[in-house]
């Protein structure tokens with residue numbers, strides 16, 4: 001599914017290397033977690049994969065089912081099946097959540113040469129998915145993320161993911177700012193989407209989200225590199241002992 | 001104060017070209033008085049402070065510059081609504097394209113008719129607010145309008161009008177010069193929605209004087225025509241009584257020159273005056289100016305000015321807005337925001353926001369910003385699969401949304417929004 005090789009990335013404005021050679025392979029249907037201390041490059045990796053401006057790829061490659069992601073515009077990556085759940089979902093006043101969802105859904109379908117959904121068809125589709133995430137009609141009507149609580153914003157991200165049905169989902173610190181109940185709801189939403197053809201890359205500081213979304217593989221990232229890879233037990237080790245030991249081991 | 005020499009010469013030259021329209025006694029007197037006001041203040045000069053950002057030359061000239069007629073090839077805005085419809089073509093009343101001038105809760109008569117009779121109640125309203133509106137700043141084109149207006153509508157609202165009144169101003173002649181003047185008199189507790197649309201002429205000088213009596217409500221939504229070369233100078237005056245409401249919204253898309261002045265007086269306790277606008281400008285030929293003056297002269301009134309301008313490819317937007325709070329106008333709640341979205345480096349926004357406050361217990365705020373599309377928001381939309389151009393349009397609509405929210409009737413706001421979407425989509429190609 002997702003294949004990253006020797007990825008080296010600079011921050012454009014500061015001429016500073018953030019990713020110093022990342023290798024990562026996420027197989028179809030797998031859930032990988034990336035953990036690591038602040039400033040290790042986890043979020044940068046998600047931005048670079050989804051095509052945010054401000055980064056310069058110096059070396060390496062990133063492909064999704066063999067397609068070169070780094071050569072595509074952000075919207076092309078989305079149409080190819082990549083989705084990033086933002087750590088800080090953006091507020092867009094004056095644009096209804098529903099309008100936003102339908103515009104995105106139809107834009108992707110159009111890009112893939114599929115027929116666009118009518119307003120009625122789409123409404124039905126969204127209502128079903130929204131119900132599972134406890135997103136009410138009012139939240140669908142309101143402007144995108146405006147006045148949403150932290151939990152509502154994250155649920156709204158998962159709703160977009162459920163509606164757009166990407167094959168590669170990246171969750172960037174989706175657990176940040178969530179209370180236990182909200183985190184459970186979000187995790188349930190993610191788990192409901194797990195399938196053979198869909199993979200996840202879950203970026204998080206803490207192990208607690210991984211109690212709800214059980215990963216197949218856990219990576220530890222530090223200073224722009226993946227320094228250790230293991231099973232779910234690696235996350236527990238971080239939870240117990242912090243990053244100190246692992247960083248020490250590999251130093 | 002004596003006029004400067006260039007101003008005197010320019011004014012004399014223009015006045016020499018003016019022949020006052022025929023009319024009844026009161027109209028003759030009103031026109032001559034207006035001409036006297038104009039003579040005393042002189043036409044605007046590019047050096048006048050109030051015309052610093054907008055060149056008045058093309059409005060001063062005796063003959064208008066030609067403007068091609070633009071056919072948008074789509075249904076006229078507001079035309080599918082249940083309204084009382086009045087049409088002027090190049091400033092001339094078109095009975096065959098108008099409804100019978102009658103409706104529940106209001107009386108309508110053409111200004112030309114009212115002016116033809118020797119006695120008409122319009123004489124107590126015509127030019128009155130225009131005359132007051134020259135203090136503290138002269139508004140010569142409004143005086144010119146009062147002197148030379150040929151027609152318009154005179155509306156007296158006695159109850160709750162059952163349908164909106166819609167005035168469409170058609171432009172069919174490339175060299176037409178239209179001067180129209182409307183009077184709206186809302187009696188206590190009366191309600192009216194007025195819709196206006198269209199470019200009117202190659203050059204349009206438009207005045208509307210609105211008296212909103214105690215407890216009356218006036219909603220006004222205007223969509224100025226999209227002809228690229230048209231020019232328009234408009235003055236909207238309103239005096240608000242106790243507990244009354246006045247809300248006006250203007251959509252300006254295209255046009256070589258638009259200057260919309262609004263002068264509002266809150267004179268009764270607890271009045272509400274909102275004035276808003278959205279302007280869409282594309283190209284160096286676009287110049288749009290909103291010049292607003294709101295006076296609070298009573299306690300506990302609320303006013304809002306919300307103006308949003310989308311500018312690209314060298315377009316120019318201007319905002320001059322003032323809130324004046326007079327002594328004694330305590331508990332005033334005044335708000336003013338003017339913002340531009342500059343879609344490229346060639347366009348410009350010139351803003352002069354002002355507050356002048358002589359009362360000590362008031363809440364007034366104002367803000368003015370110029371900015372580009374938010375890169376983070378753009379990335380967010382694109383990451384969902386929305387192409388850059390479409391995402392930019394969505395964010396443009398998002399930018400304009402606050403002004404559209406000032407429109408009371410949601411279906412009208414939706415209609416304006418649809419027109420904006422169309423305007424954006426055509427530019428996307």
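The values are calculated or read from the model by the stated rules, or taken from the named source; none is laboratory data. Keep in mind the model is a prediction, meaning the values are calculated, not measured. Backbone-built Cβ (ideal geometry, glycine too); neighbour counts: all protein chains shown.
Could we say that residue A:58 is assigned to a helix (DSSP H, G or I) and over 16 Å from the mean Cα position of the chain (by Cα) here?
Criteria not met by residue A:58.
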Flag for residue A:72 being at pLDDT 95 or above and either within 14 Å of another protein chain (Cβ to nearest Cβ) or more than 23 Å from residue A:216 (Cα to Cα) (or both): yes
Among (1) closer than 16 Å to residue A:87 by Cα; (2) modelled with pLDDT under 90; (3) over 17 Å from the mean Cα position of the chain (by Cα), the one test that residue A:148 misses: (2)
Test result for residue B:386, more than 9 Å from chain A (Cβ to nearest Cβ), part of a loop (DSSP other than H, G, I, E, B) and within 30 Å of residue A:85 (Cβ to Cβ): no
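Quick grid of which residues meet (1) modelled with pLDDT under 95; (2) in contact with a strand residue (DSSP E or B) (Cβ under 6 Å, 6 or more places away or on another chain); (3) closer than 24 Å to residue B:139 by Cα:
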{"site": "B:175", "(1), (2), (3)": "no, no, no"}
{"site": "B:185", "(1), (2), (3)": "no, yes, yes"}
{"site": "B:189", "(1), (2), (3)": "no, no, no"}
{"site": "B:202", "(1), (2), (3)": "no, no, yes"}
Condition check for residue A:89: in a loop (DSSP other than H, G, I, E, B), closer than 19 Å to residue B:388 by Cα, within 12 Å of another protein chain (Cβ to nearest Cβ) and in contact (Cβ under 8 Å) with a residue 60 or more places away in the chain: yes
Meets criteria (at pLDDT 95 or above and buried (at least 19 other Cβ atoms within 10 Å of the Cβ)) for residue A:210: no
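Kindly indicate which of A:70, A:19, A:49 is more than 13 Å from residue B:383 (Cα to Cα) and part of a helix (DSSP H, G or I).
Unique residue meeting the criteria: A:70.
Conditions (1) at pLDDT below 95; (2) buried (at least 16 other Cβ atoms within 10 Å of the Cβ), marked per residue:
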| site | (1), (2) |
| --- | --- |
| B:20 | yes, no |
| B:25 | yes, no |
| B:38 | no, yes |
| B:47 | yes, no |
| B:50 | no, yes |
| B:67 | no, yes |
| B:72 | yes, yes |
| B:95 | no, no |
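Taking the stated definitions as given, is residue B:230 more than 30 Å from residue B:71 (Cβ to Cβ) and in contact (Cβ under 8 Å) with a residue 60 or more places away in the chain?
No.
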Breaking point among (1) at the interface with chain B (Cβ under 9 Å from one of its Cβ atoms); (2) surrounded by fewer than 21 Cβ atoms within 10 Å (Cβ to Cβ); (3) at pLDDT 95 or above, for residue A:111: (3)
Number of the exception - residue A:143 against (1) surrounded by fewer than 20 Cβ atoms within 10 Å (Cβ to Cβ); (2) closer than 19 Å to residue B:386 by Cα; (3) away from every other protein chain (no Cβ under 11 Å): (3)
Yes/no for residue B:415 being surrounded by fewer than 16 Cβ atoms within 10 Å (Cβ to Cβ) and either at the interface with chain A (Cβ under 9 Å from one of its Cβ atoms) or farther than 28 Å from residue B:320 by Cβ (or both): no
Which numbered condition residue A:79 misses (of (1) without any contact (Cβ under 8 Å) to a residue 40 or more places away in the chain; (2) more than 20 Å from the chain's Cα centre (by Cα)): (2)
Selection count where residues are in a strand (DSSP E or B) and within 15 Å of the chain's Cα centre (by Cα), scope region B:203-238: 23
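So that you can scan it fast, the table gives a plain yes or no per residue for (1) at pLDDT 90 or above; (2) out of contact with any helix residue (DSSP H, G or I) (no Cβ under 7 Å at 6 or more places or on another chain); (3) farther than 24 Å from residue A:186 by Cβ; (4) surrounded by fewer than 16 Cβ atoms within 10 Å (Cβ to Cβ):
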site	(1), (2), (3), (4)
A:102	yes, no, no, no
A:126	yes, no, no, no
A:136	no, yes, no, yes
A:157	yes, yes, no, no
A:160	yes, no, no, no
A:163	yes, no, no, no
In region B:365-383, the residues that are surrounded by fewer than 21 Cβ atoms within 10 Å (Cβ to Cβ), within 10 Å of chain A (Cβ to nearest Cβ) and either in a loop (DSSP other than H, G, I, E, B) or in contact (Cβ under 8 Å) with a residue 24 or more places away in the chain (or both): B:374
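Per-residue answers, yes or no, for (1) crowded, with 20+ Cβ neighbours inside 10 Å; (2) within 14 Å of chain A (Cβ to nearest Cβ); (3) on the phi < 0 side of the Ramachandran plot:
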position: B:323; (1), (2), (3): yes, no, yes
position: B:337; (1), (2), (3): yes, yes, yes
position: B:345; (1), (2), (3): no, no, yes
position: B:358; (1), (2), (3): no, no, yes
position: B:363; (1), (2), (3): no, no, yes
position: B:399; (1), (2), (3): yes, yes, yes
Region A:75-86, subset more than 8 Å from chain B (Cβ to nearest Cβ) and part of a loop (DSSP other than H, G, I, E, B), residue surrounded by the fewest Cβ atoms within 10 Å (Cβ to Cβ): A:80
Helices (runs of 4 or more DSSP H) fully within region B:92-202 counting 1 or more residues that are over 22 Å from the mean Cα position of the chain (by Cα) and touching a residue at least 24 places away in the same chain (Cβ under 8 Å): B:111-116
